[in-house]
1. From ARG23, ARG54, which residue is over 21 Å from ASP91 (Cα atoms) and either modelled with pLDDT of 95 or more or among the acidic types (Asp, Glu) (or both)?
2. Give me the pairs: first residue in the stretch 22-45 and closer than 23 Å to PRO110 by Cα and of a type in the set (D, E, K, R), second residue modelled with pLDDT of 95 or more and in a strand (DSSP E or B), beta-carbon distance under 6 Å, and six or more apart or on different chains, which are they?
3. Scan GLY134, GLY138, GLY152 and give me the residue that is out of contact with any Gly (no Cβ under 6 Å at 6 or more places or on another chain), under 13 Å from VAL13 (Cβ atoms) and not β-branched (Val, Ile, Thr).
Amino acid sequence: MSTRSTCHGTFVVERVYPVPPARVFDAWSDPAAKARWFVGPEEWCQEGHELDFRVGGRERLSGGPADGSLHVFEALYHEIVSQQRIIYAYDMYLDRTRISVSLVTVEMEPSGSGTRMVFTEQAVFLDGHETPEGREKGARVLLDQLNVELQGHRRGA
């Protein structure tokens, strides 16, 4: 039997976006908008994105390097308060191996003419496949891509 391990981590990323909370919320809730910013690196093959944005709804995204492992994100939405709060839990897989389980809270509030968003992730990383630092780095990249989406730019344009 192989040695099993867990590593727990929590991180918080705060951003102020130059658009009202309704626009930020729409970027999370609209399947077409989310598919544009909630993706892996441009050089990755994207296998597909499904979003059922409602309490009890699910989200699934998969993709990865052409010659590498398939990364799979599977989420379940627990709480949605329009323009204020989104809470979801998700599992990450590398091929068929679960590498982490996370709880995410996204909070939004008006900040001047924009939105202050606080993204908090609490996770358990399994068997050394991922680290809290690596996951935080990935979350920051996604939130940068969200900013590009909110400003009306398209990825790769």
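The values are calculated or read from the model by the stated rules, or taken from the named source; none is laboratory data. In this text the structure is predicted, and so the values were computed from the model without any measurement. Note that we place each Cβ from the backbone using ideal geometry, even for glycine, and neighbour counts take in every protein chain shown.
1. ARG23
2. Between residues of the stretch 22-45 that are closer than 23 Å to PRO110 by Cα and of a type in the set (D, E, K, R) and residues that are modelled with pLDDT of 95 or more and in a strand (DSSP E or B), the close pairs are LYS34/LEU51.
3. Going through GLY134, GLY138, GLY152 in turn, the sole match is GLY138.
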